[in-house]
Structure formats: structure tokens, C-alpha cells
Amino acid sequence: MNPTRADALLKLEQFLPLAGISYAEGRNFVPGVVSGLSPYVRHRFITEPEIVGEVLKRHSLQETEKFIQEICWRTYWKGWLEMRPAVWSNYLRDLDVLRASMASDYDLTARVAAAEQGLTGIDCLDAWACELRSTGWLHNHVRMWFASIWIHTLGLPWQLGADFFMRHLLDGDPASNTLSWRWVCGLQTQGKVYLATAGNIERFTNGLYSPHGLLAQEAPLIKESFTIHPLLPLSRPDQHVVGENTVLLVTEEDLLPEDWGIPQSDVSAIVLLHAAESYPGIGALPAAWKNKAIEETAARLEAGFQCPVHRLHLSEESPLANLHTLLQESGADSFSIMNPPVGPIRSLIEPMLSDLASNQVALRKLRRPWDEAFWPHATHGFFKLKERIPSVLTQLSLVA
Ligand SMILES: Cc1cc2nc3c(=O)[nH]c(=O)nc-3n(C[C@H](O)[C@H](O)[C@H](O)COP(=O)(O)OP(=O)(O)OC[C@H]3O[C@@H](n4cnc5c(N)ncnc54)[C@H](O)[C@@H]3O)c2cc1C
């Protein structure tokens, strides 16, 4: 699996014939029928409307309804978190507290280490922990079972499980990951806890695992109680003004600036903003994947755009001064960025963007039409957004 646009397109092409009924019937089985596209969509080597557009060339909306709904789960989680950023900061705060307590809580430290190393004695969990660390990916159903056993059987804090995933997944995503772990706990939907059962695991692994007696049959009390988080309004995105010369700021959150709706003739330079450790303690596999993703993207953009392409490490001394110099040298009027969603990349670059704005540098914070159309429907449960899928796809001209 290579972090390139070419690989993403190839993977989609191979999956297209399966995106209809085969996916609907096979997606819950492991390995089952799934696309494996998540590391690519996560970093937007390929976009949601591209995928949906291609799928709808081969299948009717009805046939591929399930697949499109799954694509929209990512959108839903991102929109939901965008309006409740405190859920992400609370998660980070809780992690700090837990890590500090682990310094003296040897029992918790040992139990977490056993779960991460695949040494719990629960054969399926142990195999999945090793699979995650060695491949950087797990099937969705496996992620659900894993989280359930971690929380409800082993009684470990969900935040430490979510952190284990974030450190090892190639598709590690603040919204999909944090909110899915919270969903398994029962913190996302009031009164709904996800409990893995031996029968379900046995059925959907085709008998590979049957962890008898090891799984909780009813959810133990989670100390944290269900809270309704205040809903913050979505920010208003900026639009590119055709004819304005601009420098594109590209982050690992969206590696497809060719598709930002900015004509090439308006692009004076491109800067790839690179964070050495985009998630604290990120594992060697996803770190290498992200580095390569930035390098591959730089090479693609150098070949495709008629302008200089720079890499700027955010750990460099005074990256802001470098940006100012770059703007002057390129003769551009503004910077344009696909505004990163809630998560570590936004936290890293937000201070720099604020400094630019306060120094009277024109900064265009863009949002993709897909997110702009769907996110306002992520205020409540997924159902509300799901109902709007056909009309939003029409609005985006993806269906007639
Ligand atoms: C506990 C837990 C943690 C998770 N952590 C992450 C994470 O960090 N990053 C991440 O990208 N996904 C996460 N997911 C969602 C999901 O498991 C993966 O996106 C999925 O396994 C990707 O495999 P695929 O591309 O073959 O999916 P397919 O089934 O082929 O689906 C196509 C696309 O739809 C989207 N999608 C499918 N299912 C989901 C879902 N449940 N939630 C959100 N989007 C979905 C993905 O973009 C995926 O690539 C998590 C799920 C759980 C239960």
C-alpha cells in the first residue's frame, strides 16, 4: 500500500464492481468485502465525491446505498466534532491525566501493555493487536469488537484504547476514531452501548474466533456519564476569488490541492506543511506512511503545477517568517488553505494562521463543497444526515 494518488485510484477501480450488493452483504464479514480505501480518503488522496461519483457510474443509488452511507459516516463524524471541539480537547486532557496516573498505577500500566502487545490471553484480541501494530489497519467490525473487549471486558479506559489506535492506524482520524470509541462506550448515543458477543464474532469471522466466556454480556457502568455537548456554529469558509494570486498551504489533512477549485494560473507557489509528529507518540509505521505521503504529494505537485513547491517543517525555527518570505518572493496576494478539521494538525497550525491574519496577510480558509453541504446535518444522530444523502448528492450534482 503506497501513499499515492495513483494507488488510491487503482484501489477504487478494483473495488467498484463490488460496491453494490456484494458490499451490502459482505461488509460485516472479516475479511469480507470492503474497499480498504480509508488511509487514502483520510488524507484526501481521493475525495468522497470522487468515490461516490465513480460508484454511481456503475451502480444505482439504491444498489450502492449502504456503501455511500458508510462514506458519509466519516463526513458525519467530522462535522459532529467540528461543532463540538471540546470533545477532542477533553480526550487529550483525559489522556494526560491517565498517563500521569499510570506512572504510579502499575496494575493499569501492565494491563494496558498486555492489551497492546497481544498478551491478554483473549486470542482474537491478541491477534488483532498484533495485526494493528504490524499493518496499520483493522477491519471496521474488528475495530468495534476490539473497542468493546478493551472497554467492557478488560475494563480499560476508552481513551487509552483510542490512543493505541491513533498511534498505529494509517487512517488514524481524530473524529472517526474518538467518536467511534465513545460510541462503543455509550457516550455518543444516550442509552446505546456497543457490546461484542462471542456469537457475533464467531459468525462474522467465519468461525476463526469464538472467545467463549470471555466477553461481557452486559455493559459494566462506565464512570463517565452521557453529556450533551454545546453545539458551536460552523465557521463560514472563504472562497477563492478567481484572478487572485495565491500560495497554497497543503497539510496531510487534504493532499489534493488540484481539486480545491483554484485555477492553476492563480497558484504562485505551494507549501507542504509537514508535522514531524502529527499525533503524540505516533508509531513508526504511520509516521513513515505520512512522511512518504508528503514526499509523494510534493513530487506529484511539482510535476503537475508550473510553480515552486516547498516543504516547511512545522518544527523548524520561525516557520512564520519563512512563510512571509515565501509570500514576498512569490509575489502572491494571499495564502489559501483547506482548513484542517478539529485535530492535531489544526492545533499545530492554528497559531501560525492567526499570526498571519493579525499581520494583515490575506488568508483564505477554504472548505470542500462536500463538507459544506453535509456538515450542517451533523448536529444530532447519524439518521438526520443519512436522510439528507439523496438531496445533498443532487445538490452536489452527483445524481440527477
Ligand atoms: C473503534 C473504531 C475506531 C475507528 N477509527 C477510525 C480511524 O481512526 N480512522 C478512520 O478512517 N476510520 C476509523 N473507523 C471507521 C472504520 O472502521 C474505518 O474507516 C474502516 O474500517 C475503513 O475500512 P474501509 O476503507 O475498507 O471501509 P469501507 O467499508 O470500504 O467503507 C468505505 C469508506 O467509508 C468510510 N467508513 C466506513 N465505515 C466507517 C465508519 N464506521 N466510520 C467512519 N467512516 C467509515 C471510510 O472512509 C471508508 O474508507 C473506526 C471505527 C471504529 C469502530
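Summary table below
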quantity: Residue-level accessible surface for Glu25, protein heavy atoms, 1.4 Å, Å²; calculated: 130
quantity: Farthest toward positive dipole pole in the chain [+1 Lys/Arg, -1 Asp/Glu at C-beta], among His141, Val342, Ser210; calculated: Ser210
quantity: Gain in span if fully extended, Val241 to Ala127, counting 0.36 nm per residue against the direct Cα distance; calculated: 35.8 nm
quantity: Where only alpha carbons of the range 246-366 are counted, the Rg and the Dmax (Å); calculated: 13.7, 40
quantity: Asp173 - accessible surface, heavy atoms, 1.4 Å probe, Å² rounded to 10; calculated: 10
quantity: Net +/- balance of residues flanking His240 in space, Cβ distance below 10 Å, scoring K and R +1, D and E -1; calculated: -2
quantity: Ranked order, Ser315, Ser210 - accessible area, probe 1.4 Å, largest first; calculated: Ser315, Ser210
quantity: Residues with amide H under 5 Å from that of Ala362, placed H, sequence gap 5 or more; calculated: Phe335
quantity: Cα-Cα P(r), the chain, percent of pairs per 10 Å interval; calculated: 4, 21, 31, 27, 12, 4, 0
quantity: Cα-centred dipole magnitude for the range 246-366, charges only on beta-carbon of K, R (+1) and D, E (-1), debye, nearest 20; calculated: 120
quantity: Cα-centre dipole for the range 1-105 with unit charges at Cβ (Lys and Arg positive, Asp and Glu negative), debye to 20; calculated: 160
quantity: Other-chain or far-sequence residues with amide H under 5 Å of His310's (modelled H); calculated: Ile270, Val271, Leu272
quantity: Charged-residue dipole, Cβ positions (Lys, Arg, Asp, Glu), the chain about Cα centre, Debye nearest 20; calculated: 860
quantity: Inter-centroid distance (Cα atoms) of the range 2-62 relative to the range 331-378, Å; calculated: 28
quantity: Set Lys57/Lys290; Lys57/Lys384; Lys192/Lys292; Lys66/Lys292 screened for pairs whose C-alpha atoms are more than 28 Å apart; calculated: Lys57/Lys290; Lys192/Lys292; Lys66/Lys292
quantity: Asp107 accessible area, 1.4 Å probe, all protein chains in place, Å² to nearest 10; calculated: 90
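The values are calculated or read from the model by the stated rules, or taken from the named source; none is laboratory data. Everything quoted here is computed from the prediction, not taken from an experiment. Cβ coordinates were reconstructed from backbone atoms using ideal geometry, including for glycine residues, and neighbour counts include every protein chain displayed. Surface accessibility is based on the protein's heavy atoms, side chains included, excluding ligands, DNA and RNA. Shrake-Rupley method; radii C 1.70, N 1.55, O 1.52, S 1.80 Å.
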